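Data first, discussion second: the structure below is written as structure tokens.
The values are calculated or read from the model by the stated rules, or taken from the named source; none is laboratory data. Source: prediction; values computed, not measured. Backbone-built Cβ (ideal geometry, glycine too); neighbour counts: all protein chains shown. For accessibility, only protein heavy atoms count, side chains too; no ligands or nucleic acids. Shrake-Rupley method; radii C 1.70, N 1.55, O 1.52, S 1.80 Å.
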Amino acid sequence: YIMVYRITFQAIGILIGIGLAKYLVEWGGGGRGGYVFMGTVMGAICLASMLSPFFATRSIATETVAAPPISAAEQIRTVLQNRPYLILSSATILYWVAASCVYAGLPYLFAYIVQGSGGLLFNHVLAMTFASMLALPCWGWLGNRIGKRRAYVLSTLLYCCTMLTWLVAKPDQDALIIGRGVLVGLTNTGLLLMAVAMLPDTIEYDVRKTGLRREGIFSGFWMAIEKAGNAAGALVVGVILALMGFVESAGNEVEQTEQALFGIVFAFAIAPVILMLISLLILRSYPLSEGKLAALRSA
């Protein structure tokens, strides 16, 4: 349940990063000046967020442990020798690419496909955020009930079904758009929570097999995978839009072709679903279960 707190604050970050960015540009006067204002505000929020753990943990007692340095090559070998970790991280990076495609494609979808009332994007993200928070304890309970991998698979399939409903999205359907936000929050939360909940299991597997505690190595690579996936998603969206003939507006209204409009939907909904289904195929070979971990502990 520790991961529940992590996902909760991550959902708040998504609300701020996606839901407010467009409006900050408008409040800043639009154009280059608006984006400068948005970047300044977001930078200040990021700075406060990064400094807060330092001040929140300044009174915690620490202990210095002498340990020999580990080379980069040895760290890579450590990761490659942990099969459950490799499988989980391979599936997870596809999730992060898919999620990044959704986040990067969301403004295009609302600008050219949804075209709803003012403030709809923020309301959509707000509904998604609150639904995520409500769903977190439910997915935590379900993961303990049926197993983390099964809960991950169930959540992924439900999320994919939700994303495919965007294929029939039309302008001026505000209620349906907000409803989709609720569904995205309810379904996406499960797979995100189960992924980070399975990570400690793969680390424990390494501890039981080797007798060494190397959490820092696995956590470090995990963060690198998360950042790489987030960066790759935006690139994927850009490539798809370019191939489909999307014309950048540069602040001016541009009429897009039908092919370009389909490219937006493809980048936002279809490509992420394909990536998520591939991740499930990879996760089929994930060997760790609660029973196997219990057997390793008893051994």
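Using the structure shown, decide if LEU193 is in a helix (DSSP H, G or I) and either surrounded by fewer than 21 Cβ atoms within 10 Å (Cβ to Cβ) or at positive phi (or both).
Working: in a helix (DSSP H, G or I): yes; either surrounded by fewer than 21 Cβ atoms within 10 Å (Cβ to Cβ) or at positive phi (or both): no.
So LEU193 fails the test.
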Exercise. Does ALA242 count as modelled with pLDDT of 90 or more, among the small types (Gly, Ala, Ser), within 30 Å of PRO171 (Cα to Cα) and crowded, with 17+ Cβ neighbours inside 10 Å?
Worked result: no
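Quickly run through the stretch 30-50 and pick out the residues that are in contact with a Leu (Cβ under 8 Å, 6 or more places away or on another chain), closer than 15 Å to GLY17 by Cα and either touching a residue at least 24 places away in the same chain (Cβ under 8 Å) or not hydrophobic (A, V, I, L, M, F, W, C) (or both).
Result: MET42, single match.
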Problem set entry | Filter result (modelled with pLDDT under 90 and either open to solvent by less than 20 Å² (accessible area, probe 1.4 Å) or basic (Lys, Arg) (or both)) within the stretch 163-184 | ALA169, LYS170
For this session: Go over the candidates GLU255, GLU204 one by one and state the one that is within 16 Å of ILE87 (Cα to Cα) and either of a type in the set (Asp, Glu) or open to solvent by 50 Å² or more (accessible area, probe 1.4 Å) (or both).
Result: GLU204
Exercise. Within the stretch 81-105, how many residues are open to solvent by 10 Å² or more (accessible area, probe 1.4 Å), of a type in the set (A, V, I, L, M) and farther than 30 Å from ARG208 by Cβ?
Worked result: 3
Exercise. Of LEU261, LEU288, which residue is assigned to a loop (DSSP other than H, G, I, E, B), of a type outside the set (Asp, Glu) and open to solvent by less than 60 Å² (accessible area, probe 1.4 Å)?
Worked result: LEU288
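Got a sec? Which of LEU199, LEU235 is open to solvent by 40 Å² or more (accessible area, probe 1.4 Å) and either touching a residue at least 24 places away in the same chain (Cβ under 8 Å) or under 30 Å from THR8 (Cα atoms) (or both)?
Every option except LEU235 fails the conditions.
Limited to the stretch 212-229, what total is found for residues that are open to solvent by 70 Å² or more (accessible area, probe 1.4 Å) and either part of a helix (DSSP H, G or I) or aromatic (Phe, Trp, Tyr) (or both)?
Of the residues in the stretch 212-229, 2 are open to solvent by 70 Å² or more (accessible area, probe 1.4 Å) and either part of a helix (DSSP H, G or I) or aromatic (Phe, Trp, Tyr) (or both).
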Problem set entry | Evaluation of VAL114 against (1) crowded, with 20+ Cβ neighbours inside 10 Å; (2) at positive phi (one fails), failing number | (2)
For this session: Being among the aromatic types (Phe, Trp, Tyr) and either exposed (fewer than 13 other Cβ atoms within 10 Å of the Cβ) or under 22 Å from the mean Cα position of the chain (by Cα) (or both) is the filter here, so list the residues in the stretch 9-67 that pass it.
Result: PHE9, PHE54, PHE55
